[in-house]
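The next block holds one structure in the form of structure tokens; read it before the comments.
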Amino acid sequence: MHNHGDFPAESLFLIPAVAAAAAYWAGTVSGKSGAWPYRRLAFFLAGVLAVLLTVLEPLSGWAHQDFGALALSHVLAGMAGPALLVLAHPVELALRTLDSVPAARLRRTVNSPGARFLVHPVTATVLVAAGMWAMFHTPLLPAMQQSMPVHWLVTAYLVTTGCLFTAAVLDCGPVPHSLRLRAGALAAAAAVHAGSAAWLLVFPPAGSGSIQPGALVLLGSGLAVQTVLALIMLGQQRGTARLLPSAYGA
């Protein structure tokens, strides 16, 4: 933990987390959101909490000493947290509840060429796979365990790319994509994730201590999140409405 006097620097992350939760809750009760499902508020709060846990004690401290805790942090920040945040539909809520000028700006942003590129299933899968490989198979691994700021930066990357990937495979972007493409992206990411965990089991990095338990955490929990995403995709194919309807183009 990094302290300034008796104040832990990590506690500063509570400020944006509480602000985000308060803004989301305010949107749900503003009267502009319509009959906003309570489960989405629960998803959002759970997603914020999942990410927050990875940068606060005790998990952040354990991640610097134990690979299992680091693997759990990866799944929470890069997979479970983003899945919950996307399922909360924050962009749709913002477009419904913001005033006309900021809503128009947000709509232009999510419909921009850059956003369309980043939320494309292929792009999002490459970003997620690259981050996963770098985190566990480059000097970034010991750097994360030795430096809290590096841990924070990697966490920010995991959350961002995890949200992009989840939005892409669940067809939450401004441009719809076929089920075949999205399923292929999910399968590719799952293969990279499982392969990374298997590699760590067989070829643990030198000087990293006991890797096997963490690799099993990485494999099992990652598979669980990916299975949930696959089930949601199947539900969509059977007639469930798109998670983000035409609000992007409205």
- Message: I'm told residue 235 meets every condition in (1) closer than 16 Å to residue 141 by Cβ; (2) free of Cβ contacts under 8 Å to residues at least 24 places away in the same chain except one. Can you identify the failing condition by its number?
- Response: (1)
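Restricting attention to segment 97-116, and to residues there that are touching a residue at least 60 places away in the same chain (Cβ under 8 Å) and either crowded, with 18+ Cβ neighbours inside 10 Å or among the hydrophobic types (A, V, I, L, M, F, W, C) (or both), which single residue is farthest from residue 162 (Cα to Cα)?
In the first step, residues of segment 97-116 are kept if they are touching a residue at least 60 places away in the same chain (Cβ under 8 Å); the result is 97, 107, 110-111.
From the residues that got through so far, the ones that are either crowded, with 18+ Cβ neighbours inside 10 Å or among the hydrophobic types (A, V, I, L, M, F, W, C) (or both) too are 97, 107, 110.
On the way: 97: 25, 107: 21, 110: 17 Å.
Here the answer is 97.
Read the figures in this text as sums done on the coordinates, not as results from a lab. The structure displayed is predicted, hence computed values, not measured ones. As a convention, Cβ positions derive from the backbone with ideal geometry for all residues, glycine included, and neighbour counts pool all protein chains shown.
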